[in-house]
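Student: One structure is given below, represented as structure tokens, and several questions about it will come after.
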Amino acid sequence: MVLYLLSIQRRSSSMITDIELRGWIERDGTRPTKQEATRALSKDPRAISTFGGEFFVRWNGCMARDRFGIMPGATPPGVLFCDGKEISKVAPVPNLPSMDLGEAIETAVRLRSDEGAVAFSGGVDSALVAYLTKRKCVAVGVEGSHDLKRARFVAKELGLDLDEVVISGGIEEALTEVLGVIPRVTPVDASIATTLYFVAQWAAERGYERILAGQGADELFGGYARYLETDTLAQDLARDFFGLEAQAARDQAIASIHGAYFSLPYLDVRVVEAAFAIPAEEKVKDGIRKRPLRSVAERHMPSSIANYEKKAMQYGSGVWREIQRLARKKGYKRSVQDYLVEITKAERL
């Protein structure tokens, strides 16, 4: 986890102000220096409401997290607490110009592109982020998995610098560690988290703390296959979007094992506001999911890549199949959930 300790001494007082900042901040589309952030928050704690980014900040008995709770911390998302009391909300960043979806995504990625690597699977979500950042990418999967094959192809087509993590062992050990930190123990959560474990491990071994990822795109733009069958698309999208905090808690818990964190351009306030302005029926239409995002991607890459429908991470990487195999090997032929619960119990003894 990125951790800055900032100290200044006020000339009018002998009191020293220490500010702990995890993640990164912005004001009006620019990245303030650590000193500028310190001065603003020392003068008035409510200045945090003018900050965007992905952050947890603590100073002078106050603490706050970013609006959507992307960065973990000891306070609810989007709220400023001082001396244990709620003082104000971390409101949407003021003075942001109106942007269409393409401009919003490009700005969100730019603000995160000064460091880090990209978790890459070859799907449109990660491909667009990777193409705009031009940063190092990593793909994870077992040998012969869909995601590794697709990532290789797309990286070559887009001229991206790609590393691969071919998982040949260690899934059981990773799974055991994962189950000790994720908030919910379910087969879906465990298989996604185990895949991300190898991403974060790779990043840490190469000195990357920030990992740019495509989470949030499915919920904002209608990426899940079940959206094709629903009669309540708008309600389903809203429900799933507000469930992203739990996903972020899971993913950041995994990244923190390796001293890293996931940065999510699609959950930038600009992108969220632009996405909310698009009617639900335009997001899933004529059998095509994530239509608005694919339209933006087509500005930057071949249509065949922008419109490719990829498997979910846990299936495309082959990790889910490996967890099923482990469960059967341990005698759990019908219930992966029982296998996960047994591992969790054993770890707590």
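The values are calculated or read from the model by the stated rules, or taken from the named source; none is laboratory data. Being a predicted model, the structure only gives us computed values, none of them experimental. Note: ideal-geometry Cβ built from the backbone for every residue, glycine included; neighbour counts use all protein chains shown.
Student: Please tell me if residue 327 is within 19 Å of residue 105 (Cβ to Cβ), buried (at least 21 other Cβ atoms within 10 Å of the Cβ) and in contact with a helix residue (DSSP H, G or I) (Cβ under 7 Å, 6 or more places away or on another chain).
Tutor: No, not satisfied.
Student: Consider only pairs whose beta carbons are under 7 Å apart and that are at least six residues apart or on different chains; among these, list those whose first residue lies in segment 54-71 and is touching a residue at least 24 places away in the same chain (Cβ under 8 Å) and closer than 9 Å to residue 23 by Cα and whose second residue is among the β-branched types (Val, Ile, Thr) and part of a strand (DSSP E or B).
Tutor: Close Cβ pairs satisfying both conditions: 55/25; 57/19.
Student: Mind listing whichever residues of segment 179-210 are in contact with an Asp or Glu (Cβ under 9 Å, 6 or more places away or on another chain) and farther than 17 Å from residue 141 by Cα?
Tutor: 179, 180, 182, 183, 206, 208, 209, 210
Student: Suppose we keep only residues that are of a type in the set (Gly, Ala, Ser) and closer than 25 Å to residue 135 by Cβ within segment 56-112. Which one would you say is surrounded by the fewest Cβ atoms within 10 Å (Cβ to Cβ)?
Tutor: Here the answer is 102.
Student: Okay, moving on. Mind checking which helices (runs of 4 or more DSSP H) fall wholly inside segment 189-291 and carry at least 1 residues that are free of Cβ contacts under 8 Å to residues at least 60 places away in the same chain and among the aromatic types (Phe, Trp, Tyr)?
Tutor: Correct list: 233-242, 269-276.
Student: In addition: Assigned to a helix (DSSP H, G or I), in contact (Cβ under 8 Å) with a residue 60 or more places away in the chain, aromatic (Phe, Trp, Tyr) and closer than 26 Å to residue 145 by Cα, is that true of residue 315?
Tutor: yes
Student: Which one of 179, 175, 160, 128 is crowded, with 24+ Cβ neighbours inside 10 Å and either within 30 Å of residue 291 (Cβ to Cβ) or modelled with pLDDT of 95 or more (or both)?
Tutor: Exactly one residue qualifies, and that residue is 128.
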